[in-house]
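The values are calculated or read from the model by the stated rules, or taken from the named source; none is laboratory data. Quantities reported herein were computed from a predicted structural model and do not represent experimental measurements. Reconstructed Cβ throughout: ideal geometry from the backbone, glycine too, with neighbour counts over all protein chains shown.
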Amino acid sequence: MNASLKQKCELLADNYTVIHKDFVLEFEIMEMVAASSYMYAGMKADTEKMKECRKILAGKQGMFSELRSTVELALLSKMAVDNNPEAYLDEVIGVYEKVKKGKIFSSPYMVLSAMIIVDQHKVGQADEVIKKLNSIMNKMEKEHPILTGKEDMPLATIMALSPIDADKLIDEMEACFDILKKKFVFHKDAVQGLCQVLCISGSGSEDKCKKAADIFDALKKKGIKYGKSIELAALGALVDIDMDADAIATEIDECSDLLKKHKGFGNLSLGKEYRAMFSALLVAEEYAPRAAGIQNATIGSSIAVTIAEEVVMAIILATCTTASAAAATTASSN
């Protein structure tokens, strides 16, 4: 592990400690997401500024707004690292209203989609991006009606920000799906998420699918329990790294070992699988070849640097939303 990656691991852990102390009632995994926002910005967590951002948010959105639901802490951290938190929020609100237009129900996934569009500086082209997003979602629902749901929207937004045509994205996604569904037989929903990321990567279908599968196997050989659920999507951010699967697995292993020493990242708190996922995305951000951004990426350029944070939020939001639904079901049955 080089010094830069070590510094990122330490910064993530330190930021989590600070945020967890001041936001004790939040999902711990969302505290990790907020800590990641600061880490990706190269900043130490400032919870006082986050609290100020919460006041700004409360002044613009009612308590039942989706912006103040599961995704709130992620939104507050993104506001806090921005030079103009209120302007950032206004942009997110504006894009969110466009994302949910024509939809019967809103969801926190729509908020995250809006945040992704704002983060990629595509507010001026929001209508075009959302039109492409809706097209991608419709095509995904046609291909996989049972697997596709609102939780796919954030990663579909990342797809929509690619310059690649929607039909070509779906064709590539399906090519990858046909390959990887044989590897992860009972996890087709997770495979779809992974393929959403892989379809905007630069390698050929066979090569990038093999690379993702090889990394998974290399981690397993090292005794690293890597999840076969929503965590699989994170592997897609690793395939463009110019290192073989064993070398990538070694970096993830070392990163995971370092994080494990910090409170909140142990086996009984974060757990092995999520720690491995965070480690994978840290490695992706550190080693992937630099791209100008999703909107400027070409086939052959890495997406990892520009989407690692968005993948984290998309994955964790799905986890928290599922957990909230389960808790509500349990409460109603008692």
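Results, tabulated for the structure shown:
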| read-out | value |
| --- | --- |
| Those residues of segment 103-142 which are among the aliphatic types (A, V, I, L, M) and over 17 Å from the mean Cα position of the chain (by Cα), in sequence order | Ile104, Val123, Ala126, Val129, Ile130, Ile136, Met137, Met140 |
| Any hit, segment 272-282, residues being part of a loop (DSSP other than H, G, I, E, B) and either at pLDDT 90 or above or out of contact with any Phe, Trp or Tyr (no Cβ under 6 Å at 6 or more places or on another chain) (or both) | no |
| Elements of type helices (runs of 4 or more DSSP H) contained in segment 1-104, each with 3 or more residues being on the phi < 0 side of the Ramachandran plot, surrounded by fewer than 16 Cβ atoms within 10 Å (Cβ to Cβ) and out of contact with any Pro (no Cβ under 7 Å at 6 or more places or on another chain) | 3-22, 47-60, 85-99 |
| Residues located in segment 211-226, provided they are at pLDDT below 95 and either surrounded by 18 or more Cβ atoms within 10 Å (Cβ to Cβ) or under 8 Å from Ala245 (Cα atoms) (or both) | Ile224, Tyr226 |
| Selection count where residues are within 24 Å of Leu76 (Cβ to Cβ) and among the aliphatic types (A, V, I, L, M), scope segment 1-24 | 6 |
| Set Glu151, Glu172, Glu206: member being surrounded by fewer than 19 Cβ atoms within 10 Å (Cβ to Cβ) and either farther than 21 Å from Gly102 by Cα or not hydrophobic (A, V, I, L, M, F, W, C) (or both) | Glu206 |
| Filter pass, Thr250 being at pLDDT below 85 and polar (S, T, N, Q) | no |
| Test for Arg54: is it over 19 Å from Gln196 (Cβ atoms), modelled with pLDDT under 95 and not hydrophobic (A, V, I, L, M, F, W, C) | no |
